[in-house]
Amino acid sequence: MELRRATITAVSHYVPEKILSNSDLEKMVETNDEWIRTRTGIRERRILEKGATSDLAIKAVQQMLTNRGISAAEIDLIIVATITPDMMLPTTACLVQDKIGARNAWAFDLNAACSGFLYALSVGARFIETGVHSKVIIVGADKMTSITDYTDRNTCILFGDAAGAVLLEPTNEKEYGILDQRLYSDGSGGKYLCMKGGGSLNPPTHETIDKKMHYVYQDGKTVFKSAVIGMAEVAAEILERNHLKGEDIAWLVPHQANLRIIDATAKRMGIDRNKVMINIDRYGNTTAATIPLCLSEWWQAGQLKRGQKIVLAAFGAGYTWGATLVNWSLTNPEKR
Ligand code: UT7
């Protein structure tokens, strides 16, 4: 069977308007702007005051369909990568499918935390490559503020809310599209970044609420050490597998968890800072949304151009991590 290549033919994002700055956080917990900026690179993040993850996702997807000039009825499959679904069930993907009117699509959620977008991109690409589907929406969306404890300075400074979406379609141009992926999991790291309450192990009770088990917990130092190694190694691996060097790559598109992890990855790949997409200063860690949010912003600004080779890389809870090599095929907005 001859495989088709999957490529990104549209991209968009949505961030809520309300800003939570470092100085706002100074009033809430024992922290300071200088510590947050130097330890993480974050200056501010966006907060969704009303609504849920599906509201973020829908705004990103609707704008993306407008950009592509197609109707929701043409969509075959919707995958929403999220760890903050609106509800335990139904899936957020089904809510999105209904609200945008994608009546011919099937839809499911995928949970791989901060690597969720890369995992979902990989799954979606298989449906295109094998000829099963021709239009697949991949969304990375998280309302992290819904699982953040604003009395815990270790975590509350890190997260924000956002959504990003891409459309995958087949291409006959063999040199373009999603060229390669490497994805990994190591469940032994699960205990260092988790939310223990709300699932079948610890269903919600007064006790789980009192013990704050419905908030995200992170052993930051331990996760940091694994993330620095994991993200840098997989990003270097995808270059080596494809006989590429840092200079062949136009953009590194890293998951935005910590500027120090991003810098370590760029260094390992031999890529200059000015070729790294960085917006953690404005949005913090938006989990599954970070990578499509970068792609969308840089594409809109005309900086992400057709024919540029880019590496997407992520590390997150699970542990999960991975990297994807893409030859960007989408023309700049002003040239369309
Ligand atoms: O996205 C998914 C994957 N997640 C990640 O990749 C995140 C990985 N981890 C990190 O990014 C970093 O570990 C953090 C940004 C979360 C923390 O930075 P760190 O350099 O590892 O700090 P730390 O947790 O080791 O804390 C250092 C000190 C501690 O004080 P002592 O024990 O040295 O006196 C903390 O209590 O900084 C203190 N601290 C703070 N101080 C001011 C912790 N949080 C804060 C805070 N403000 N918000």
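Exactly one of these conditions fails for Arg260: (1) within 15 Å of the ligand (Cβ to nearest atom); (2) of a type in the set (Lys, Arg); (3) under 19 Å from Trp328 (Cα atoms). Give me its number.
(3)
Any residue in segment 246-254 that is within 14 Å of the ligand (Cβ to nearest atom), under 16 Å from Gly189 (Cβ atoms) and either open to solvent by less than 30 Å² (accessible area, probe 1.4 Å) or of a type in the set (S, T, N, Q) (or both)? So that I can check it myself, show each step before the final result.
Narrowing segment 246-254 to residues within 14 Å of the ligand (Cβ to nearest atom): 254.
Narrowing further to those that are under 16 Å from Gly189 (Cβ atoms): none.
Checking segment 246-254: not a single residue is within 14 Å of the ligand (Cβ to nearest atom), under 16 Å from Gly189 (Cβ atoms) and either open to solvent by less than 30 Å² (accessible area, probe 1.4 Å) or of a type in the set (S, T, N, Q) (or both).
Helices (runs of 4 or more DSSP H) wholly in segment 1-103 with at least 3 residues that are closer than 16 Å to Ser146 by Cβ and assigned by TED's automatic domain parsing to the domain that holds Ile157 - which ones? Outline the logic, then answer.
Numbers: elements: 22-26, 33-40, 53-68, 92-100.
In segment 1-103, the matching helices (runs of 4 or more DSSP H) lie at 53-68.
Can you work out which of the residues in segment 1-31 that are of a type in the set (Ser, Thr, Tyr) and within 16 Å of the ligand (Cβ to nearest atom) is nearest to Val139 (Cα to Cα)? Don't jump to the end; show me each part of the working.
Initial filter on segment 1-31 (of a type in the set (Ser, Thr, Tyr)): 7, 9, 12, 14, 21, 23, 31.
Add one more test, that the residue is within 16 Å of the ligand (Cβ to nearest atom), and what stays is 21, 23, 31.
Details: Ser21: 26, Ser23: 31, Thr31: 33 Å.
Checking each candidate, the answer is Ser21.
Those residues that are in contact (Cβ under 8 Å) with a residue 24 or more places away in the chain, within 16 Å of the ligand (Cβ to nearest atom) and open to solvent by 50 Å² or more (accessible area, probe 1.4 Å), I need them from segment 192-245; list them, please.
Tyr192, Met195, Tyr215, Tyr217, Phe224, Glu233
Output the residue which, of all residues in segment 272-323 that are touching a Ser or Thr at 6+ places or on another chain (Cβ under 7 Å) and under 17 Å from Thr9 (Cβ atoms), is nearest to the ligand (Cβ to nearest atom).
Leu312
Could you grab me the full set of residues in segment 112-122 that are hydroxyl-bearing (Ser, Thr, Tyr) and within 16 Å of the ligand (Cβ to nearest atom)? Walk me through it before giving the result.
Of segment 112-122, the ones hydroxyl-bearing (Ser, Thr, Tyr) are 115, 119, 122.
Scanning segment 112-122 gives Ser115, Tyr119.
Which one is surrounded by the most Cβ atoms within 10 Å (Cβ to Cβ) among residues in segment 123-175 that are part of a loop (DSSP other than H, G, I, E, B) and within 16 Å of the ligand (Cβ to nearest atom)?
Gly160
The values are calculated or read from the model by the stated rules, or taken from the named source; none is laboratory data. These numbers come from a predicted model, not from an experiment. Heads up, the Cβs are rebuilt from the backbone with ideal geometry, glycines too, and the neighbour counts pull from every protein chain shown. Heads up: the accessible areas ignore ligands, DNA and RNA and are worked out on the full protein's heavy atoms, side chains in. Shrake-Rupley method; radii C 1.70, N 1.55, O 1.52, S 1.80 Å.
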